[in-house]
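Below is one structure, written out as structure tokens; the observations come after it.
The values are calculated or read from the model by the stated rules, or taken from the named source; none is laboratory data. Note that the structure is predicted; figures quoted are calculated from it, not measured. Ideal geometry is used to build each Cβ from the backbone, glycine not excepted, and the neighbour counts take in all protein chains shown.
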Amino acid sequence: MFCPACGKSLPDNSLFCSGCGKQILPSKNSGSPVTRVEAVAPPVQNEGVKKLTDVMKENKTQGNAPMVIYLVSPADELKKFKELLDSDVITQEEFNIKKKQLLGL
């Protein structure tokens, strides 16, 4: 089968196009993938996700090796800074500043 958006040849059991990332929806009649992509609301992307997507696309077009990306939640970051505070590596003031930044206050 082929991606209806970019035309890339795909395995029959594909859920997403490996070329352009479009979702391949199963047909309601046969259970097999459809030959066209039905309208799907685009995912909401925050600025960080958009930057990450751009970097990944650039990396792919340059032929670089795959990269591993770790996404860290604000709660995880806050926990890390709390541990630094408890270890006297940072001050309470520095912790409060980071906390406000992470929580968007």
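Just wondering, is there one or more residues in segment 50-62 that are touching a Lys or Arg at 6+ places or on another chain (Cβ under 7 Å) and modelled with pLDDT under 65?
Checked segment 50-62: no residue is touching a Lys or Arg at 6+ places or on another chain (Cβ under 7 Å) and modelled with pLDDT under 65.
Working only within segment 74-100, note down all residues that are without any contact (Cβ under 8 Å) to a residue 24 or more places away in the chain, touching a helix residue (DSSP H, G or I) at 6+ places or on another chain (Cβ under 9 Å) and part of a helix (DSSP H, G or I).
Scanning segment 74-100 gives ALA75, PHE81, LYS82, LEU84, LEU85, GLN92, GLU94, PHE95, LYS98, LYS99.
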